[in-house]
Amino acid sequence: MSYLSLKSPLGDLTLFEEGGKIVALEWGRVDGGTETPLLGEGRNQLEQYFDGERQGFDLPLAPSGSAFQRKVWASLQHIPYGEVRRYGDLAAELGSAARAIGGACARNPLPIIVPCHRVVAAGGSLGGYSGLEGLDTKRFLLTLEGWPGS
């Protein structure tokens with residue numbers, strides 16, 4: 001597996017590639033990585049996102065998870081930049097429960113790229129966020145995207 005660490009406004013991030021697809025984005029730095037064309041493109045797209053120049057990602061993805069988790073993650077990719085959906089609304093769309101949606105979001109191996117930060121609790125409260133500094137990170141990402149409720 002190839003990987004590449006990069007700096008971001010949220011601190012160091014590390015992208016992982018396997019079989020020509022991005023499989024994970026983790027918080028923190030892993031030394032000794034090797035840049036591949038795909039990892040370089042992933043870094044460029046993340047930098048563009050953080051600079052406000054990109055609203056979505058165009059990368060081949062292969063997150064590892066259950067069939068249900070992959071279904072939730074695919075649904076998250078359809079939430080437009082700067083907008084949010086409620087856990088309950090996604091649950092209704094997918095024939096599930098809000099808690100199950102939250103669990104799938106918490107296990108998302110591609111945060112930011114697969115925008116689990118765009119899912120909020122009923123009433124518009126932020127709910128939870130499993131990445132880095134939790135709700136502060138979620139708030140940062142939603143503010144970056146211009147969501148008025150952040």
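The values are calculated or read from the model by the stated rules, or taken from the named source; none is laboratory data. What you see is a predicted model, and the numbers here were worked out from it, not measured in a lab. Quick reminder, even Gly has a Cβ in these numbers, built from the backbone with ideal geometry, and neighbours come from all protein chains shown. The area values use the complete protein model at the heavy-atom level, side chains included, leaving out ligands, DNA and RNA. Shrake-Rupley method; radii C 1.70, N 1.55, O 1.52, S 1.80 Å.
Within a Cβ distance under 14 Å of THR36, other residues only, what is the Lys/Arg minus Asp/Glu net charge? Walk me through the intermediate numbers first.
Working: positive: LYS21, ARG43; negative: GLU17, GLU18, GLU35, GLU41.
Counting the neighbours of THR36, the net charge comes to -2.
At 1.4 Å probe size, with every protein chain present, just tell me what the per residue accessible area of segment 1-125 comes to in Å².
Working: 6000 Å² over 125 residues.
Solvent-accessible surface per residue comes out at 48 Å².
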Next on the checklist: Please report the net charge: other residues with Cβ closer than 10 Å to the Cβ of GLY65, K and R +1, D and E -1.
Outcome noted: +3
Item to check | Order of exposure, largest accessible area first, which applies to SER130, SER8 with probe 1.4 Å | outcome: SER130, SER8
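Let me check something: with ligands and nucleic acids excluded, how do LYS138, LYS7, LYS21 order by accessible area (1.4 Å probe), largest to smallest? Show your work: numbers first, answer last.
Numbers: LYS138 0, LYS7 140, LYS21 85 Å².
From most exposed to least exposed: LYS7, LYS21, LYS138.
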Checklist entry - Given the chain reduced to its alpha-carbon atoms as identical point scatterers, what log10 I(q)/I(0) does the Debye formula return at q = 0.13, 0.19 Å⁻¹? => result -0.55, -1.18
Checklist entry - Counting alpha carbon pairs within less than 8 Å and at least 6 residues apart, what relative contact order, in whole percent, applies to segment 38-150? => result 25
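Cβ under 12 Å from GLY11's Cβ, GLY11 left aside: what net charge do those residues give with Lys, Arg +1 and Asp, Glu -1? Please list the in-between numbers first.
Numbers: positive: LYS7, ARG29; negative: ASP12, GLU26, GLU133, ASP136.
With Lys, Arg at +1 and Asp, Glu at -1, the neighbours total -2.
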Checklist entry - So how tilted is helix 135-144 from the main axis of the chain? Cα-based, degrees 0 to 90, rounded to 10. => result 80
Checklist entry - Which aspartates and glutamates have a Cα less than 13 Å from the Cα of LYS7, not counting those fewer than 8 places away in the same chain? => result GLU26, ASP31, GLU47, ASP51
